[in-house]
1. Which numbered condition trips up R435, out of (1) open to solvent by 30 Å² or more (accessible area, probe 1.4 Å); (2) more than 8 Å from ligand 4 (Cβ to nearest atom); (3) in contact with a strand residue (DSSP E or B) (Cβ under 8 Å, 6 or more places away or on another chain)?
2. Could you identify the single residue in H243, H268, H257 that is over 27 Å from the mean Cα position of the chain (by Cα), crowded, with 17+ Cβ neighbours inside 10 Å and under 21 Å from H432 (Cβ atoms)?
3. Are any residues in region 304-314 more than 14 Å from C431 (Cα to Cα) and either open to solvent by less than 40 Å² (accessible area, probe 1.4 Å) or near ligand 1 (Cβ under 7 Å from one of its atoms) (or both), and if so, which ones?
4. Considering only region 302-325, state which residues are within 17 Å of the chain's Cα centre (by Cα) and more than 12 Å from ligand 3 (Cβ to nearest atom).
5. Between E459, E391, which is open to solvent by less than 80 Å² (accessible area, probe 1.4 Å), farther than 29 Å from H243 by Cα and of a type in the set (D, E)?
6. Being out of contact with any Cys (no Cβ under 6 Å at 6 or more places or on another chain) and either open to solvent by 40 Å² or more (accessible area, probe 1.4 Å) or over 21 Å from W17 (Cα atoms) (or both): is that true of L119 here?
7. Can you tell me which residue in region 283-337 is nearest to ligand 2 (Cβ to nearest atom), limited to those that are closer than 29 Å to C158 by Cβ and among the β-branched types (V, I, T)?
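The values are calculated or read from the model by the stated rules, or taken from the named source; none is laboratory data. Just so we're clear, the structure is a prediction, and the values are computed from it rather than from any experiment. Counting neighbours? That spans all protein chains shown, and the Cβs are built from the backbone with ideal geometry, glycine included. Ligands, DNA and RNA are excluded from the accessible area calculation, which covers all protein heavy atoms including side chains. Shrake-Rupley method; radii C 1.70, N 1.55, O 1.52, S 1.80 Å.
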Amino acid sequence: MKLKEWLAPFVYLASNWISLIGVVLVTTASVLWLFLLPTSFSGHGGDPYIGILQFMALPGVFFAGLGLIPAGIWLFKKRNRNMLPAVFPPLDFDNARFRRLLAFLGATTAANVIIGGTLIYKAVTYMESVSFCGQTCHVVMKPEFTAYQNSPHSRVECVSCHIGPGANWFVKSKISGSWQVISVTLNLYPRPIPTPIENLRPARETCEVCHWPQKYGGDRIRVFNNFSDDEQTKRTQSVLLMHIGGGNGYEGIHGAHMGPGVQVRYAHTDKQRQKIPWVAYTGRDGRTFVFKADGYKDDGPGQLDVRTMDCMDCHNRPSHTYELPERALNRAMADGQMDLSLPYVRKVALETIKQEYKTTEESEREIPARFSAYYQKNYPQVYAGRRDAVERSARAVLGVYAKNVFPEMRVTWGAYPNNLGHTDFDGCFRCHDERPSAQGGRTIPSDCETCHKTLAQEEESPKILAELGLEHHK
Ligand code: HEC
Ligand code: HEC
Ligand code: HEC
Ligand code: HEC
Ligand code: HEC
């Protein structure tokens, strides 16, 4: 009885439009929030942007509603200062006014929940799709989306690597995802998007959903094509037998860093983790060796950031694989996208794509025009006779540029180093530079046979490919 009496004036005063809207907002937000709650615990991948709803939009509605209630009461009191009843109508179901109020609140809340629930369901399904991640923030994500479409992971959803399974990371990524969307909306994000991503989920939990360590193993033949810049383009090939190793053992590249019990920790002086002066290696016998770069004085990592090596330290570009101009052109030429019989085709292409273009639009206009203009001016007969070949090649040259350079996001050649290898970026040689261990007796080796057997290096027709029946290998 006490409570009812105490509440009566409150209910009376709150029966104004502003407060009622507030009450309905509060109830709607609460019910919808409860509906969404299970998605946080289901462990299902999902999308960080749902977090905007759950952790920002709905709480926002809730608190806005909560604010409207006293605001309405205050306004109502101010306006009706002299007309407030001495005794407030009682809160029981004989009171028609109170019945109407409850019915009104019930009906509007139910309607809101149905409408809001449908909208949220639609939004959630949409936001889980690749097209949302890659295209909604079109300009921002264009570099990653484009590179992704040309990668071996083009059929793997963004969320498989960026979130992975489990409730804990789902909520974490939702909160950081919410912030990302806000920074995009308010134009606060840095260009290019910095890498590495802070707080990316540990690779072993995401990558190993699909690539389990027992599977990758053994040696693998890799063929690298290179084309010359001469008047008559020549192709040379390098053939490597990569010692990928792994399995459950300690063999090869994977086994050496990822074998059972093996741990490699390292300290880096730059954010991109390209300069590594200190490495600690713990082997399967539990003994630890420390390797220091030339000139590094400390015994420990000192103030530097330390990281435990995982898949991402080598495969940092599994999906957003940008290339340097030479490598990207080699690939397009090996794929037959360009006419190799055009004189100086690679040289002209290289010069064209290495120019700076201020916008994508400018590059789309200028690159094909410049490439064609070269032949028009210097080889008018070639241009006249084989215009098709020139124009087809010009389009391929633009394609190479468009896959790797995004002027609007300030992603230029080499903005995102690839750590797999050592020819384009330091990669493996960040550590593998013969630095000795502090205890003596071992080094991080850089001998050319450590990681791959070089079966052919820059040869025009490698004998090994003929022997394997792969001479037409691209
Ligand atoms: C195969 C796993 C994988 C998939 C699939 C994937 N990413 Fe990534 N992504 C990564 C890794 C690894 C990094 C770099 C992490 C690092 O260096 O710390 C990254 C980095 C990024 C970055 C930071 C900028 C950069 O290039 O380093 C953005 C933005 C990004 N990804 C967006 C996306 C979008 C959008 C999709 C889907 C279209 C997607 N990713 C799909 C693994 C993946
Ligand atoms: C959802 C499954 C899935 C996840 C998660 C995933 N991958 Fe893959 N990965 C694939 C598929 C599918 C291929 C393509 C196999 C093919 O083309 O033969 C592939 C191919 C690869 C390759 C071989 C590329 C080549 O040149 O042939 C590497 C390396 C790789 N993934 C590394 C990673 C790393 C590192 C991660 C974690 C950041 C990761 N993957 C996460 C499914 C996945
Ligand atoms: C020390 C660097 C390094 C680390 C760490 C590493 N990899 Fe690799 N991985 C390589 C290299 C190098 C290759 C061969 C690339 C090539 O053939 O050009 C490779 C190849 C692969 C392939 C392709 C295998 C094939 O048969 O074609 C997959 C898949 C892969 N890695 C997944 C992973 C996963 C998952 C992890 C983390 C558990 C991981 N790697 C950790 C360096 C590394
Ligand atoms: C963060 C430093 C670091 C990076 C980066 C790194 N490694 Fe290593 N690697 C080591 C350490 C430490 C050892 C162990 C050296 C020892 O046994 O004393 C090692 C050992 C190896 C071994 C075994 C060598 C042997 O003779 O037993 C291979 C193979 C190897 N690494 C390949 C690679 C490849 C390929 C890459 C690049 C894709 C790479 N590593 C990148 C630190 C690194
Ligand atoms: C620490 C491991 C490691 C060592 C040591 C190493 N390589 Fe490599 N090398 C790699 C990896 C990994 C790749 C493949 C990169 C990729 O998949 O794109 C590679 C690629 C290459 C390529 C092909 C590159 C291209 O783009 O054409 C050549 C040639 C090569 N290495 C030569 C050498 C020579 C010569 C040495 C000795 C000075 C050497 N490597 C030492 C790991 C190593």
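1. Here R435 clears every test but (1).
2. Exactly one residue qualifies, and that residue is H243.
3. Those that are more than 14 Å from C431 (Cα to Cα) and either open to solvent by less than 40 Å² (accessible area, probe 1.4 Å) or near ligand 1 (Cβ under 7 Å from one of its atoms) (or both): D310, C311, M312.
4. S319, H320, Y322, E323
5. E391
6. When the stated conditions are applied, L119 passes them.
7. T321
So that you can scan it fast, the table gives a plain yes or no per residue for (1) away from ligand 3 (no atom under 16 Å from the Cβ); (2) under 23 Å from the mean Cα position of the chain (by Cα):
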| position | (1), (2) |
| --- | --- |
| L398 | yes, no |
| T412 | yes, yes |
| C448 | no, no |
| E467 | yes, no |
